[in-house]
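What follows is a short report on a single structure.
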């Protein structure tokens, strides 16, 4: 489908025509459902890193790549112990970087973990991850965001379909699609404990979303996102064309996915918790600027500057 043209009347008040190739948080539905992606998906090649030509081709085609057994059992066990220790740290309770489930005090996410933990910092800087990120991005990466996601058995809620880039562009000021997410599963992922679901091929189009960004939107959206969510008709068409995939497997697997790949998850309907550690690598020359569809950038625990350390105010 060809790229839609957006009328000025459908654009958010803060948008200046000609400056933003990916307008979103619109006042009204645009004429056509999506814009074509402008940037290449894979910027490097098989000679520049650990991923093979076949793996890069799959990432280019699908917008994600799952590598089972990326970490061994000892590495996973050490990370799970560290995760448990962080989530039980009393001084982290009630802090902005600690996100609870929408209807309980169960921890859903703990952000900026590579600043809170030496072990997770070492993992974020691991050449195995940095090499893959550099190869896909075609430039020097830095950690734009890190977090632990935890979905407790029976109680862990799902998350609506969304593109991370849409949020990072609108609310953090990420200019272009030069970012990749690396998610390492720390518990076995199976069909019933709410694994991440992705729409393969959706990374090649940008779906503009409706609704002006509320003030301090992150306080609500990290629990239950409603703004920055594609419309059901667009989702239905993309799913009709491409389907849905949910990579599952044993703890230690690595899921790499493009910043613009549409993804979401169901509630955990099993007694088995699901957890993962998540690093977003952005290219240094794509560092964030002023947000494109919000009055101010989100707090730094959600969007790190490549040249500044973050520390919690405890």
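Nothing in this text is a laboratory measurement; each read-out follows from the coordinates by a stated rule. Keep in mind it's a predicted model, so treat the numbers as computed, not measured. Positions of Cβ are generated from backbone atoms using ideal geometry, with glycine treated the same way; all protein chains shown enter the neighbour counts.
Here are a few things to note about the model shown:
- Between the helical axis of 127-137 and the longest alpha-carbon principal axis of the chain there is an angle of about 10 degrees.
- Against the chain, whose longest principal axis is taken from its Cα atoms, helix 53-62 shows a tilt of about 60°.
- One decimal place: the segment residue 105-residue 80 gains 7.0 nm when fully extended, by the rule 0.36 nm per residue minus the C-alpha distance.
- Separation of the residue 309 and residue 160 label points, Cα + 7 Å toward Cβ, nm: 3.9
- The length gained on full extension between residue 57 and residue 95, counted as 0.36 nm times the residue separation minus their Cα-Cα distance, comes to 9.5 nm.
- For the chain: rounded, prolate or oblate by the Cα gyration tensor [a/c cutoff 1.5]: rounded
- Taking 261, 29, 167 in turn, the Gaussian network model of the chain (Cα-Cα springs below 10 Å) assigns the largest fluctuation to 29.
- Estimated from helical segments only, the mean residue ellipticity of the chain at 222 nm is -5500 deg cm²/dmol, where each DSSP H run of four or more residues counts as -39500 (n - 2.57).
- Based on Cα contacts under 8 Å between residues 6+ apart, region 80-164 shows a relative contact order of 27 percent.
- If R0 equals 22 Å, the separation of the Cβ atoms of residue 212 and residue 232 corresponds to a calculated FRET efficiency of about 0.65.
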